[in-house]
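Have a look at the structure below, then the notes.
The values are calculated or read from the model by the stated rules, or taken from the named source; none is laboratory data. Values in this document were obtained by computation on a predicted structure and should not be read as measured data. Cβ atoms come from the backbone with ideal geometry, glycine included; neighbour counts cover every protein chain shown. Protein only, heavy atoms only, side chains kept; ligands, DNA and RNA dropped before computing areas. Shrake-Rupley method; radii C 1.70, N 1.55, O 1.52, S 1.80 Å.
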Amino acid sequence: MKRAHSFIITFTIAFMTLSYAQNIPYQTPPKNIVDLVDAPNTPSVSLSPDKQTLLLIEEPNLPGIEEVAEEELRIGGLRINPRTNGSSRSRSYNGLSLKQLTDDITMKIKGLPTNPRLENISWAPDGRSIACTHTTQHGIELWLIDVLSQSARRLTDATINDAVAGVPFLWFGSGKKLLIKQIRTDRSESPEAPNVPAGPVIQENSEGAAPVRTYQDLLKNPHDEALFEYYTHSILSIIDIETGEQSALPIEGSITDMSVSPDGQYLLVERVRKPFSYIVPYYRFANEVTIFDRNGKQIRQVANLPAAEKIPKGFNAVPLGPRSFGWRNDRPATLYWVEAQDEGDPKNEVEIRDRLYLLETPFAGDPVPSIEFALRYRGITWGDGDLALGHEFWWSTRREIISAWSPDQPMSRKRVLFDRSYEDHYTDPGNFHTHVNQYGRSVLMQTDDGHLFLMGIGASEEGNRPFMDQYDPKSQISERLWRSEAPYYEIPVSMIDARQGLLITRRESESEPPNYFLRNLNTGRLEGLTNFPNPYEMLDGVSKDMIRYQRDDGVELTGTLYLPPGYDQTKDGALPVLMWAYPREYKSADAASQVRTSPYEFLRISYGSPLFWVMQGYAVFDNFAMPIIGEGDEEPNETFVIQLVSGAKAAIDKLVDMGVADPGRIGVGGHSYGAFMTANLLAHSDLFAAGIARSGAYNRTLTPFGFQAEERTYWEVPDIYNIMSPFMHADKIKEPLLLIHGEADNNSGTFPMQSERFYGALKGHGATTRLVMLPHESHGYRARESVLHMLWEMDQWLEKYVKKVERSEGVKMSTP
């Protein structure tokens, strides 16, 4: 007896009673959706270190499938294009312009290559030059832009190694020289896979527990190891930007991180070493951390660490030994790092979790212990010898502490400035503003009398209202200097001159796209710096409202409702609705109820947005709040399904009560954890006509050592994992469910297998379902063809199962 094939090839489109795979060419959605996808991107902006010049960075539209489909190595947690020896998933730019703050003239950079693919754009510390890489057909070049002449020139051949995450070059403080990572010019051809294996691949554990989360693209065999070593191996050189002269240093290996001391005299280099791990990505491989002088002479090996395969479980777990290395930004050459004092295990009850250590030039003797952290170390904002800020946090309580201390007195006591819940957006004091010091490093911006500046998003019950405060760290009193006012949403970007009160902001409104302005806080004068056009004029007339409603347990919720242009409730009646969300976990109902958006933000559309369908006659309820709350000792996921259904019902009831939603024509969707939400809603409620789930995980037993905000393992709480897994409830799903997934998804936990196996379970129980696997796409989708096809699939599904109409044109879906 012949067995019907149910495997998936290219675009797999399978149906409830038809268990064959149908392959079709890429499709395109309606023209108004295509026009929105193809709308030009608004340039991004970068301010020079001297705060006198804006760099306008142009980004191309979506790349074609031929670019996304280029050969790719997936090894050690990296994705490498072997042709270029760079990342295969990087974001590039195709145009640069300069604009002085003092005039209205924007100058296009001359001399760039035709159709460039620019990345790693970085200002020199003195603001006179900009360096960037350019990816060619044969490799990656280093380019230099002279700000004064607005011209570009190539500094190196295609020898830059950009295979590992991070910038492949660094500026020295003078702005005259660059430290660069290069491929060896004498290296041989890439290792070829053996036709016959030398033996089996064996892994063994005999020294205690080694819990790890689910990772993609790990090393699998000796050939993978050889490829990893080949493509990550770099040699360091110093290049003079004026003469182009290169000086190779005797430093090479699989370099994963590097930094230059503020005075430019020393290098800190981190290199991974064998034996490589098969169960964790490269950034948890065994590694060594070494200080060299600028001529490449080894000064001291600071750390030689084993692979971090046996980190205790938990979100605040860290490896033993030194970690988080860096240079003090306010000193010529002082290295710092932290070390766990609790064996890296968050379950150990101790008074001190982490300790900071300092090591000054000439880096001899023992490191000097400095401040201690009662919570887990998060970072340091350097100021000067008398003031620096230490940041620490604790996941399970959502607590954060910001403290001040005098780093020139390593054992000085910390003074707590803020001790709060980072979930509570309404009390968020903002971030301390920094500026560039004489070393070209970021340090706290201070007034003559020692006051600091805080910039924040200004969350409030009326929506986000960004602000700028002046803060006295001695009295711990803030003075409000400025706050965004309706009908605009205006974000502080950088304080240009504190005495004159000159502040660069980015301002937008519901109808005006984001642009940059120079605001005088003393006089109130506002001067435009950019004039970017509205790329979405076709959305004129779309109404946008922040909707407030309440869950049945009293939790206050919000969402953003979009209605089609010209919609008249009296004439048009209730509409079909697309609801889109992403659940989030909280330890406080008060925090879960807080507003986290602004009613005055400009209407933006990304490829994954549900807003395309407001132009197709749907009401769109976007980012409707789906909090999962666990107060006190209770974990949020104890009542995940109950809270999920309750939140969805409250949203639907509100829209129906308003008269804008037809309760029989409501669809729900989401991406990633939003897809997980969607599948659970269809499994545990009858609220929706259909669902759309993109790049989700549906069987939590495949992520047994934790997922999302869940720290507990499957073996600790198997019932929670099973209840939360839509796969376990596939027999309950009766509403049509569209599954879309990138076949090369590398996000932790969302293996493509998740959608494939879930589809199989649904099909096996007679559900109306459809599985679309997008070739070469990862967790997010990049190729224009992929995005347009995804939107076509969604549009067809919504029209058929939510709006409940048949389309006559184009390729149709088969009827089950």
So what's the angle, to the nearest 10 degrees on a 0 to 90 scale, between helix 752-764 and the longest Cα principal axis of the chain? 10 degrees
Looking at the square roots a ≥ b ≥ c of the eigenvalues of the Cα gyration tensor of the stretch 718-765, which shape do they give, rounded for a/c under 1.5, prolate if a/b is larger than b/c, or oblate? oblate
One finds, for ALA198 and ARG273 with R0 = 25 angstrom and r their Cβ-Cβ distance, a FRET efficiency to the nearest 0.05 of 0.65
Reported to two decimal places, what Rg/Rh ratio describes the stretch 642-786 when computed on Cα atoms with Rh from the Kirkwood expression? 0.98
Surface per residue (accessible, 1.4 Å probe) for the chain, Å²: 42 Å²
Within the stretch 68-88: backbone nitrogen closer than 14 Å to the ASN115 label point (7 Å, Cα to C-beta): 68
Want the number for GLU716 to ASP35: 0.36 nm per residue separation, take away the alpha-carbon distance, what's left? 240.2 nm
In the stretch 364-449, with Lys and Arg counted as +1 and Asp and Glu as -1 at Cβ, which of these residues, PRO367, THR381, ALA404, has the Cα nearest the positive end of the dipole, that is, farthest along it? PRO367
Given contacts defined as C-alpha pairs under 8 Å and at least six residues apart, what's the relative contact order of the stretch 381-455, whole-number percent? 25 percent
Any idea which of THR334, GLY742, LEU236 is furthest toward the positive side of the dipole for the chain, if Lys and Arg beta-carbons carry +1 and Asp and Glu beta-carbons -1? GLY742
Taking R0 as 51 Å, what FRET efficiency do you get between GLN476 and LYS804 from their Cβ-Cβ distance, rounded to the nearest 0.05? 0.30
Under 24 Å from LYS414, Cα to Cα: lysines that are on another chain or at least 8 residues apart: LYS474
Relative contact order for the stretch 359-411 using alpha-carbon pairs under 8 Å, separation at least 6, rounded to a whole percent? 32 percent
Peptides ranked, highest mean first, by Cβ atoms within 10 Å: ranges 479-490, 119-130, 248-259: 119-130, 248-259, 479-490
Please report how far the C-alpha centroid of the stretch 548-620 lies from that of the stretch 177-250, rounded to the nearest whole angstrom. 46 Å
Using only Cα atoms, find the angle between the long axis of helix 640-658 and the longest principal axis of the chain, and express it within 0 to 90 degrees, rounded to the nearest 10. 70 degrees
Loop-resident sites, the stretch 162-204, for chymotrypsin sites (Phe, Trp or Tyr not before Pro), counting at most 12 other Cβ within 10 Å (DSSP): none
Under the rule of -39500 (n - 2.57) per DSSP H run of 4 or more residues, summed and divided by the residues of the chain, what mean residue ellipticity at 222 nm is obtained, to the nearest 500 deg cm²/dmol? -3500 deg cm²/dmol
Could I have the simple spin-label model distance between ARG596 and ASP497, label points 7 Å from Cα toward Cβ, reported in nm to one decimal? 4.0 nm
What is the dipole size for the stretch 401-538, taken about its Cα centre, with +1 at each Lys and Arg Cβ and -1 at each Asp and Glu Cβ, in debye to the nearest 20? 560 debye
Just add up the charged neighbours of LYS176: K/R +1, D/E -1, any other residue whose Cβ is under 10 Å from the Cβ of LYS176. -1
Taking 0.36 nm per residue of separation between GLN246 and ASP50 and subtracting their Cα-Cα distance, the length gained on full extension comes to 67.8 nm
Compute the normalised compactness of the stretch 141-204: alpha-carbon radius of gyration over 2.2 N^0.38 Å, N being the residue count. 1.80
Relative contact order (percent, whole number), the stretch 426-496, Cα cutoff 8 Å, 6+ residue spacing: 24 percent
Accessible carbon and sulfur surface of the stretch 492-578 relative to its total accessible area, %, 1.4 Å: 41 percent
For MET753, what accessible surface area do you get with a 1.4 Å probe? Give it in Å², rounded to 10. 80 Å²
Between the DSSP loop rule and a limit of at most 14 other Cβ atoms within 10 Å, which GluC sites (Glu not before Pro) in the stretch 48-112 are left? GLU70, GLU71
Ranking LEU682, ALA648, HIS671 by how far each Cα lies towards the positive end of the charge dipole of the stretch 567-688 (+1 on Lys and Arg Cβ, -1 on Asp and Glu Cβ), the top one is HIS671
Sorting check: for 312-324, 737-749, 231-243, which peptide has the highest mean count of neighbouring beta carbons within 10 Å, and how do the rest follow? 737-749, 231-243, 312-324
Ordering MET455, MET794 by the accessible surface of their heavy atoms, 1.4 Å probe, largest first, yields MET455, MET794
Net length gained if the chain between SER606 and TYR283 were fully extended (0.36 nm per residue, minus Cα distance): 113.2 nm
Run the accessible area of the stretch 579-692 with a 1.4 Å probe and give the carbon-and-sulfur part as a rounded percent. 48 percent
Taking every DSSP beta bridge that has both residues in the stretch 674-816, what percent is antiparallel when rounded to the nearest 5? 10 percent
How many angstrom lie between the C-alpha centres of the stretch 66-138 and the stretch 455-520? 31 Å
Mind running the shape call on the stretch 418-526? Use the C-alpha gyration tensor, a ≥ b ≥ c as the square roots of the eigenvalues: rounded below 1.5 for a/c, prolate if a/b tops b/c, oblate otherwise. oblate
Answer rounded, prolate or oblate for the chain, using the Cα gyration tensor with square roots of eigenvalues a ≥ b ≥ c: rounded when a/c is under 1.5, else prolate when a/b is larger than b/c, else oblate. rounded
At a probe radius of 1.4 Å, what is the per-residue accessible area of VAL37, in Å² to the nearest 10? 20 Å²
Calculated P(r) of the stretch 213-352 - Cα pairs past 17 Å, %: 67 percent
